[in-house]
Amino acid sequence: MKIHKYDTVIVGAGGAGMRAAIESTKRSRTAVLTKLYPTRSHTGAAQGGMAAALANVEEDNWEWHTFDTVKGGDYLVDQDAAEILAKEAIDAVLDLEKMGLPFNRTPNGTIDQRRFGGHSRNHGEAPVRRSCYAADRTGHMILQTLYQNCVKEGVEFFNEFYVLDQLITEVDGVSKSSGVVAYELATGEIHIFQAKAVIYASGGTGKFFKVTSNAHTLTGDGQAAVYRRGLPLEDMEFFQFHPTGIWRMGILLTEGARGEGGILRNKDGERFMEKYAPVMKDLASRDVVSRSIYTEIREGRGCGPEGDHVYLDLTHLPPEQLDAKLPDITEFARTYLGIEPYTDPIPIQPTAHYAMGGIPTNVEGEVLSDNTTVVPGLYAAGEVACVSVHGANRLGTNSLLDINVFGRRAGIAAAEYAHTVDYVELPENPAEFVVSQIEQLRTSTGNERVATLRKELQETMDANVMVFRTEQTIKTAVEKIAELRERYKNVSIQDKGRRFNTDLLEAIELGNLLDLAEVMAVSALARKESRGGHYREDYPNRDDVNFMRHTMAYREVGDDGTESIRLDYKPVVQTRYQPMERKY
Amino acid sequence: MATPVLDKVEAEAAASDHLITVTFRIRRFNPEVSADAVWEDFQLEIDPKERVLDGLHKIKWDIDGTLTFRRSCAHGICGSDAMRINGKNRLACKTLIKDINPAKPITVEPIKGLTVLKDLVVDMDPFFQAYRDVMPFLITKDTNEPTRERLQSAEDRERFDDTTKCILCAACTSSCPVFWNDGQYFGPAAIVNAHRFIFDSRDEAGEQRLEILNDRDGVWRCRTTFNCTDACPRGIEVTKAIQEVKRALITRRF
Ligand SMILES: Cc1cc2nc3c(=O)[nH]c(=O)nc-3n(C[C@H](O)[C@H](O)[C@H](O)COP(=O)(O)OP(=O)(O)OC[C@H]3O[C@@H](n4cnc5c(N)ncnc54)[C@H](O)[C@@H]3O)c2cc1C
Ligand code: SF4
Ligand code: FES
């Protein structure tokens, strides 16, 4: 076991982690621990763009952007945070340009902008061109540019280090962050990182669904680590299902495809979105389009022998336009489906895409231990966090923005905090939890397999807590998850070695997914209304009287060791905008 | 519209869920077990429209959990899973079984020229070191930063578009015979990333980067074998980029 000491430790090297690292490395001795090489992070998969009211191509301002964000989130957004997001968006994009990001350009050489769902001029009057982009590779360019600047700033990375536990020490009755425990993939060695400030930037948790746009490695490790230590998770029932994933595979085809003029069609070739959203049609908000697709499928108008998908039709668009604006996603269709998008429609279905919920923070990225109390020394930013700027449904292009704005803020706040304090003493025997978890898995002779449990988990999540939910389906999921958590105790692995033991890590990741799936399902069961990404067929309307509030889920352990989830609620911050019905 | 939809429905019906038996012949190496690498065969039932990565997962998840490889995104954008498949460098997640003759055993080996650590996992550090050595970041000399973005014409932006696509997968560098023989050579990927800045109209350190690549281990080692271009899963014209850097070194114009 090795012990390291840093002012600031960042967990994760995606967009949020690297944006934070660029700030904190300038101000404090910083280590970035990441389970993937930084450039492998899933920020690189983002396609469509990053929102900012630059007004380069038409009139726009940050106040309109704030409004759209609040409305898009079905009013569950904390409006003070949304205002910061929209205001700081402009500098966030300009900073990236100065760092070298190769944005697409307008004829006069400024950053080009395009339309995206839910972004409008003057509070919903008409679509506005607000998304700054680099073809359909915006996330790739952000990830590369941030990594390049980390190289420039000499950021210190610990690559293929898996953070498996958060350390908390009680000092004079206050629980403070004292560091993290990490597992080094190459050697199997355990490392303790004692740090004055820790920032979680470990990304999403989409892998508990089967059909998802998320990478195999998005297993909610950060959320699970803090949750296990008694800290709450906020709004976990809100998950975004993106309408256009490649059929069965879930690989994303950007909303930009519909922004460029793509049309959704059912088996009769009908443009069905005209029925569900007469004004915005195919560009209505993501939750609306995903539900419409499933309605078509349920009512027997789906395509294919099993009627289980619909088509994204780009065939009427000029090939030059597809090549220039959508080169990557058209290549995905060719590679994975053998379909030529110039001439054939692409089979798609909704895909689990984005976690609106996560570790609750304030606008400085400080993690909360209840509705108001900050955990000294603990920060979070990016998809792992819930500020909450996305509320019940995130607008496209607002996450690449979120990781830059709040990644930067958390990086500055953490490094500055680190200057004002001393190290907090580590708890006694800091590696205890991780050592016993690994020992247990390595020596277990149980007869359950990771792959089987994961598959059953993903199947139950897809069937029961996806686009449509009811009390009945959610309860089915809760029971199934409980069963899987029991069976997980008998999981064994085949690789008993120390070197690059990905068998072991997949088992640990599955444990995290099971914990978080349970939180999601239990939170969803209690929210008896429909709002944004959370749609209850048994409660199809939004209920502001009872549910205009954030869910806060806590892990409780009884005296006899039994675990349970306690739900509490937190008020939504409303400043300028009163809730209205959300129409597109 | 109606006709193509119908055609597709039938095509899908015909092709769906048709499983075939394939043999994966994998180069195994685990120094915790043995100092020698060996070939091991695995037979599995798989839909030929699935990826080689899906096959590797089936083996790892259902047959042998010790099989070790890197992967994350599973659709060709993170650069984790470059490997030698039937003797050619490719991404396992971007190679479909049906496209590589599943009638014969499919051979899978680690990429060459980098130290193998376990099974298909190689030591990527020298690769990333070469990348860092070319100063892969925008360098400008302005003393007062502009308040807005720097301007760049669409043509100037297009000039280096191809090399911005790189995902640092190392398929090119590890397919290069010069790199196999001499690990000191920067290798194509580092040159591609230098090209990305040398030809960016906003950058002002082109001369410095060219000097680095003028080195003994720099671009002149390239023998234009085109292996790199063939290997690149992003379709980057790697050899052309190297040639452009060579030309810039001669003319000092870029
Ligand atoms: C296909 C796709 C397309 C998208 N398109 C857009 C778009 O066009 N516009 C937009 O705004 N948003 C888009 N999004 C959403 C957006 O890309 C993501 O929400 C965002 O990039 C998340 O960034 P992040 O830094 O929080 O996490 P990630 O980029 O996922 O990074 C997570 C990091 O954490 C590390 N990590 C994880 N667990 C551990 C651990 N246990 N120990 C150590 N390190 C760990 C990983 O190594 C990685 O470096 C898209 C998402 C997807 C999936
Ligand atoms: S140039 Fe192509 S093959 Fe080489 S590292 Fe980049 S993406 Fe991979
Ligand atoms: S797994 Fe990401 S490129 Fe293959």
Quiz item: Can you give the FRET efficiency for A:Q574 and A:N490, using 1/(1 + (r/R0)^6), R0 = 51 Å, r = Cβ-Cβ distance, to the nearest 0.05?
Solution: 0.60
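Leaving out ligands, DNA and RNA, calculate the buried accessible area for the pair A and B with a 1.4 Å probe, summed over both sides, in Å² to the nearest 100.
On the way: alone 21180 and 13770 Å², together 28790 Å².
For chain A against chain B, roughly 6200 Å² becomes buried.
Accessible area per residue, 1.4 Å probe, Å², for region A:432-571: what's the number? Spell out each step's value before the answer.
Details: 5810 Å² over 140 residues.
Value for region A:432-571: 41 Å² per residue.
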Exercise. Give me the distance between the Cα centres of region B:65-84 and region A:1-55, rounded to whole Å.
Key: 22
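Going by the alpha-carbon gyration tensor, a ≥ b ≥ c the square roots of its eigenvalues, is chain B rounded (a/c under 1.5) or, if a/c is not under 1.5, prolate (a/b greater than b/c) versus oblate? The partial results should precede the final answer.
Numbers: a/c = 2.49, a/b = 1.52, b/c = 1.64.
The shape class here is oblate.
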Quiz item: Translational D (Stokes-Einstein, µm²/s) of region A:333-409 at 10 °C and 1.306 mPa s when Rh comes from the Kirkwood sum over C-alpha pairs?
Solution: 108
Quiz prompt | In nm, spacing of pseudo-spin labels at A:V545 and A:D560 (7 Å Cα→C-beta vector) | solution = 3.9
Self-check item: Accessible area of chain B belonging to carbon and sulfur atoms, whole % at 1.4 Å probe
Solution: 49
Self-check item: Stretch gain in nm, segment B:E45-B:Q129, where the contour uses 0.36 nm per residue and the Cα spacing is subtracted
Solution: 26.2 nm
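Quick check on chain A: helices-only [θ] at 222 nm, where DSSP H runs of length 4 and up contribute -39,500 (n - 2.57) each and the sum goes over total residues. Nearest 500, please.
Details: 16 runs with 200 residues, N = 584.
My calculation for chain A gives -10500 deg cm²/dmol from helical runs alone.
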Quiz item: Hey, can you list the residues from region A:208-245 whose accessible area shrinks by 50 Å² or more with all protein chains present, relative to the chain by itself (probe 1.4 Å, no ligands or nucleic acids)?
Solution: A:H216
Quiz item: Going from most exposed to least, what order do A:T66, A:T473 have by accessible area with a 1.4 Å probe?
Solution: A:T473, A:T66
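How big is the convex hull of the Cα atoms of region B:125-253, per residue, in Å³?
Details: hull volume 14.2 nm³, N = 129.
Cα-based convex hull of region B:125-253, divided per residue, equals 110 Å³.
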Quiz item: Considering lysine pairs in region A:432-571 that are 8 or more places apart or on different chains, how many have Cα atoms under 26 Å apart?
Solution: 10
Quiz item: Going by the alpha-carbon gyration tensor, a ≥ b ≥ c the square roots of its eigenvalues, is region B:13-122 rounded (a/c under 1.5) or, if a/c is not under 1.5, prolate (a/b greater than b/c) versus oblate?
Solution: prolate
Exercise. Go through A:H316, A:H353, B:H57 and list them by solvent-accessible area, largest first, probe radius 1.4 Å.
Key: A:H316, A:H353, B:H57
Practice problem: Measure nothing but the geometry: give the 0 to 90° angle between the long axis through the Cα atoms of B:238-251 and the longest principal axis through the Cα atoms of chain B, rounded to 10°. | Solution: 10
Quiz item: Using a cut-off of 22 Å between alpha-carbon atoms, which lysines can reach B:K104, once sequence neighbours fewer than 8 places away in the same chain are excluded?
Solution: B:K49, B:K58, B:K60, B:K88, B:K94
Exercise. State, as an integer percentage, the relative contact order of region A:242-352 based on alpha-carbon contacts under 8 Å between residues 6 or more apart.
Key: 38
Practice problem: Show which lysines lie in cross-link reach of A:K98 when reach means a straight Cα distance below 25 angstrom and same-chain residues fewer than eight apart are skipped. | Solution: A:K26, A:K87, A:K152, A:K325, B:K141, B:K165
Quiz item: Going by a 1.4 Å probe on protein heavy atoms, which residues of region A:126-151 end up with at least 30 Å² less accessible surface in the whole assembly than in their chain alone?
Solution: A:R137, A:H140, A:M141, A:Q144, A:Y147, A:Q148, A:V151
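With the Cα gyration tensor of region A:432-571 in hand, convert its eigenvalues to equivalent ellipsoid semi-axes via √(5λ) and list them largest first in whole Å. Each step should come with its number before you reach the end.
Numbers: eigenvalues 218, 57, 30 Å².
Semi-axes (√(5λ), whole Å): 33, 17, 12.
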Quiz item: When the gyration tensor of region A:362-512 is built from Cα positions, what are the square roots of 5 times its three eigenvalues, in whole Å, from largest to smallest?
Solution: 33, 26, 14
Exercise. Just read off the accessible area of B:R221 with the full protein assembly in place, 1.4 Å probe, to the nearest 10 Å².
Key: 70
Self-check item: All aspartates and glutamates inside 17 Å of B:K112 as judged from Cα atoms, apart from same-chain residues fewer than 8 positions distant
Solution: B:D36, B:D81, B:D123, B:D125, B:D182, B:D230
Exercise. Give, in nm to one decimal, the length gained when the segment between A:K2 and A:N108 is fully stretched (0.36 nm per residue of separation minus the Cα-Cα distance).
Key: 32.7 nm
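Classify the protein assembly as shown from the C-alpha gyration tensor, please: rounded if a/c falls under 1.5, else prolate or oblate depending on whether a/b exceeds b/c.
Numbers: a/c = 1.15, a/b = 1.10, b/c = 1.05.
Rounded.
Give me the accessible area per residue for region B:125-253, probe 1.4 Å, as a whole number in Å². Could the numbers behind the result be given before it?
Working: 5590 Å² over 129 residues.
So region B:125-253 comes to 43 Å² accessible per residue, rounded to a whole number.
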Self-check item: region A:290-304 versus region B:125-192: alpha-carbon centroid distance in Å
Solution: 45
Quiz prompt | Taking the C-alpha atoms of region A:242-352, convex hull volume expressed per residue in Å³ | solution = 91
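The values are calculated or read from the model by the stated rules, or taken from the named source; none is laboratory data. What you are looking at is a predicted structure, and each value in this text was computed from that prediction instead of being measured. Quick reminder, even Gly has a Cβ in these numbers, built from the backbone with ideal geometry, and neighbours come from all protein chains shown. To get the accessible areas, we keep the full protein, side chains included, count just its heavy atoms, and leave off ligands, DNA and RNA. Shrake-Rupley method; radii C 1.70, N 1.55, O 1.52, S 1.80 Å.
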